[in-house]
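This report refers to the structure that appears directly beneath it.
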Amino acid sequence: MDDLIADFVAECREMLEALGGEIVAWEAEPHDRARLDSIFRFVHTVKGNCGFFDFPRLEALSHAAEDALADVRAGRRQADGALVSAVLAVIDRIGEMVAAIEAGEDFPGGDDSALIASLEPGVEAAAAPAVATTHDGSGRASSAPRTIRLSVELLDRVMSTVSDMVLARNELARRLRESASDVPVDGAFERLSSIIAEMRDAITRTRMQRIENLFVALPRMVRDLSTELGKQVLVDIEGGDVELDREMIEMIRDPLTHIIRNAVDHGIEKPADRLAAGKREIGVLAVSARQSGNQILIDIHDDGRGIDGQKLVDKAVANGVIGKDEAAQLSHRDQLALIFEAGLSTAAQVTAISGRGVGMDVVRSNIERIGGIVEVDSKLGEGTRMTLRVPLTLTIIPALTVSIAGQHFAIPRSAIEEIVRANGESVTLEHLGGAGIATIRGRRVPEVSLATILGLKSQVEANDRTLIVLRPAGGDVYALSVDRIHDHEELVVKPAAPAVMATGLYAGTTLADDGSPILLMDPAGIAEVGGVKLETQERTARIAESPTAAASRAAPVLLFRGLEGGRRALRLAVVDRIEEVPAAAVREAAGQLRVQLGEAILPLAGAAGVDLGTDKVRLFRLNDGTNEIGYAFAEVIDFAAIESDVIHAELPGEVSGVSLINGEPAELVDAHWLFASHVGAAVRAREELVCRMPLEDPWMQNMLRPIVEAAGYRVIGEGSEADADLIIATQGAELPKDGSSSTIWLRADPEAAGKKDESIYRYDRAGLLMALKSVAGRKGK
Amino acid sequence: MNELLLVVTIAGERVALPAAAVESVVELDTLIPVPRAAPHVAGLSALRSRVLTVIDCMRSLELGHTNCSDGIREAAVVELDGHHYALIVDLVEDVVEELSAPAPVRAAMGTGWERVSQGMVETEGGPLLLVDVAALIAGVETKAA
């Protein structure tokens, strides 16, 4: 009997939890049949079970609620505010009673008749209690997946057994490799391996729970609070599918509740105040969860009145939390952070909900106890954002394993922005006063060596290392150099011992597949220990970027392997992004290959005459400012740069020339030709015109060249041997005699020097275009 | 019933660990160092699917350090605050019964021993120093802070 009661209690609790959101949704939309049905199902289940267990009070309550809801279902009655509130009250009472049963206590005192009476329709003629129970409980199972209850210890034990099994499997694999291989044995072993892998996967997920379980109760809570306070609040929840360890969910339940109560109580204003402040009368409370690096971020944002930092400071000074001098030096952020000090609350009066000043400090200490952080940001009059960052310990995270001096470490993959070779073409490493600076495609990022930070002796030369560009949660990018990169792995991270965590470098430990422990690095910790200043970084990086780009004559290109296997390069500037589509998205339509990318259908180049197979197709999305085309490729090789020593193709086509890139020849894809031949059929076939200009002049290279190219010329540098149809030069420059070419002289002065001066002012765009056209016209004939 | 004690040798000295605190005695072979951790943290090791934080007891007692490069070391596995530690010892001898409650040692001991001492206990084999496992794990640094 006790077992049965325990099952009943568990079932009720689960349904109650799931119901919280449903009821509020039902209130907003009383005609929503699905919600009504699920609430009805709940009271119906409770009623059915009560008869069996002999809980007369529960039975009377659930029976009354069932009757009322049955009337609504049958259309005899309309769901109104009064009914919803009454049903809510009944469900709450049922919840209290279920809790009492679970605890083995007597029912809370009180009379239920008032509750039952409130369910009666107010003015309507008393409808006959039509308990035409045509509704059986069969629909129940469909509402939620079937569940059983297990203790976490049992799960832990299963999990550790499975881990042992994986290790045993690895041991067996080693033995098998050593002995002479036997095909049937290998086959059987392979099958065993895949089963174990699957099992491990499943069992690890048993500990994980969607954060939805925590969020599902929020709408109801906010509804009750706002009703009580006479406010209108809309709850917007996002990211319920983020998975978190069960225990972690329990740990953040109270802090989250507290923050939300605060937001509704203190943050969001009364409707009249909101209107007066020029806001919509309904306040919005947005709660979202997402995974970021080795942390889960939970954002609680309200658009209420915000926190008055100065008021907090005044109060803190008055309470003696901080001194006056200290107070004057606080930044806005520091001022807001005072809210977490014990004994501070800006609420003018203490309410029943919150505001006794014993809240936020408790919230902070609770979150910090599980290794998390609470952050607050607020704009007076506009709202407040609270961010809970809780660690992912015990959760599965994808990580990259790297090695330094033979020892392996793991780095959370989500913090990794890109991986480049230190000796790659687009990367340079410099040392300024001992500090490392890496320049990656014109972007300056601080560089730290993991070997130096860890105090390990690396056998690998600085230039042969690999740079991992990291963006820690909430921080800015930096590059971490490591000896070697190994593998992507899914790791189950466990908290490390305090003595290990004290280094500030590690986020936890984990076991590799071969059973040896691996330390998981904390990207933010590395930056801190490595002395990287994360906050000031982005600005300096931007400043560094522009002069580098302007000073570089070399055009950055993307080196890749085409589908037909050729090594090719494409100017980086025309590549918008890289997409991956199923091969089925590519088809021949209206006379050419086209690819579907979301809503858009783009012409596809680079795939003509190549069998795409059935797998995924990767493609560059090229953009010339107005049109887009796709260009299929096999793989990206590197970012590189070409100097102007390009051997141009004889005939215009997809490939405009060949050049040495990273020591090997690569075909340069002519983006202009691609657009010309794929976008708009009106492009007439004509001989390409060649224009020679001094490309070492940055102005020519960056400003003039695009205009000339847009006019249909191919641009070559002065060093090029090719015949030019047109020469562009700065006035006064010396030119080799070339009778066949036309020459456009450019002058820096807006005013012409005299009547015979045929030069064009360098910013006279119309004049330039006219000159370009006239040369093209002459040649075209 | 009297408490059971695990008699081990650390730095050539026979001392007692509360046997109830010790989960198992293992032989460590591989040791993964933890760069930048406190010196008495010798590294990490795996016992079945658990990660053990390996504590060099000699270091913790400021009595030099154990040479971990020569392969297998004996260690006592203990659990503290949900984390598992392996305490490297020279030798694990025996389990004996405690015959008296710990009494203060009134003679002057080395500073390291002083820090981890829980007193002297009588056993059949004579008096032994009862070592505080938590203090051993904490090492010198936390004490100084």
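With a requirement of 1 or more residues that are at pLDDT 85 or above and either touching a helix residue (DSSP H, G or I) at 6+ places or on another chain (Cβ under 9 Å) or among the hydroxyl-bearing types (Ser, Thr, Tyr) (or both), the strands (runs of 3 or more DSSP E) lying completely within segment A:242-326 that satisfy it span A:283-292, A:295-302. Look at A:VAL575 and say whether it is modelled with pLDDT under 80 and either within 11 Å of another protein chain (Cβ to nearest Cβ) or touching a Cys at 6+ places or on another chain (Cβ under 9 Å) (or both). When the stated conditions are applied, A:VAL575 does not pass them.
Would you confirm, using the coordinates I've provided, whether B:VAL8 is within 14 Å of another protein chain (Cβ to nearest Cβ), within 11 Å of the chain's Cα centre (by Cα), assigned to a strand (DSSP E or B) and modelled with pLDDT of 90 or more? In short, no.
Which of (1) at pLDDT 80 or above; (2) surrounded by 19 or more Cβ atoms within 10 Å (Cβ to Cβ) does A:LEU511 not meet, given it meets every other one? A:LEU511 satisfies every listed condition except (1).
Criterion applied to A:ASP164, A:ASP201 was being of a type in the set (Asp, Glu), in a helix (DSSP H, G or I), under 36 Å from the mean Cα position of the chain (by Cα) and within 14 Å of another protein chain (Cβ to nearest Cβ), and the one residue passing it is A:ASP164. Is it the case that B:GLY112 is away from every other protein chain (no Cβ under 14 Å), without any contact (Cβ under 8 Å) to a residue 60 or more places away in the chain and part of a helix (DSSP H, G or I)? Yes; evaluated as a whole, the condition is true for this residue. Candidates are the residues of segment B:60-108 that are under 16 Å from B:LEU47 (Cβ atoms) and of a type in the set (D, E, K, R); the one that is modelled with the lowest pLDDT is B:ARG73. When we screen A:ALA60, A:ALA65 for residues that are under 22 Å from A:PHE8 (Cβ atoms), at pLDDT 80 or above and surrounded by fewer than 19 Cβ atoms within 10 Å (Cβ to Cβ), the only hit is A:ALA60. Check every one of the strands (runs of 3 or more DSSP E) wholly within segment A:437-514 and list those with 2 or more residues that are farther than 14 Å from A:ARG421 by Cα. The strands (runs of 3 or more DSSP E) meeting that bar are A:443-449, A:484-492, A:506-511. Pairing each residue of segment A:96-107 that is assigned by TED's automatic domain parsing to the domain that holds A:PHE55 with any residue that is of a type in the set (Gly, Ala, Ser) and part of a loop (DSSP other than H, G, I, E, B), provided the two are 6+ apart or on different chains, yields no C-beta distance under 9 Å. Answer with yes or no whether A:THR503 is crowded, with 16+ Cβ neighbours inside 10 Å and within 14 Å of chain B (Cβ to nearest Cβ). In short, yes. For segment A:374-422, a tally of residues being aliphatic (A, V, I, L, M), at pLDDT 80 or above and more than 19 Å from the chain's Cα centre (by Cα) returns 9. Determine whether segment B:96-109 contains at least one residue that is under 16 Å from the mean Cα position of the chain (by Cα) and not polar (S, T, N, Q). Checked segment B:96-109: no residue is under 16 Å from the mean Cα position of the chain (by Cα) and not polar (S, T, N, Q). Filtered by the rule that a residue be within 25 Å of the chain's Cα centre (by Cα), under 17 Å from A:SER426 (Cα atoms) and either buried (at least 21 other Cβ atoms within 10 Å of the Cβ) or within 13 Å of chain B (Cβ to nearest Cβ) (or both), segment A:441-476 gives A:VAL445, A:PRO446, A:GLU447, A:LEU467, A:ILE468.
The values are calculated or read from the model by the stated rules, or taken from the named source; none is laboratory data. Since this is a predicted model, take the numbers as computed values, not measurements. With ideal geometry, Cβ positions are generated from the backbone for all residues, glycine too; neighbour counts draw on all protein chains shown.
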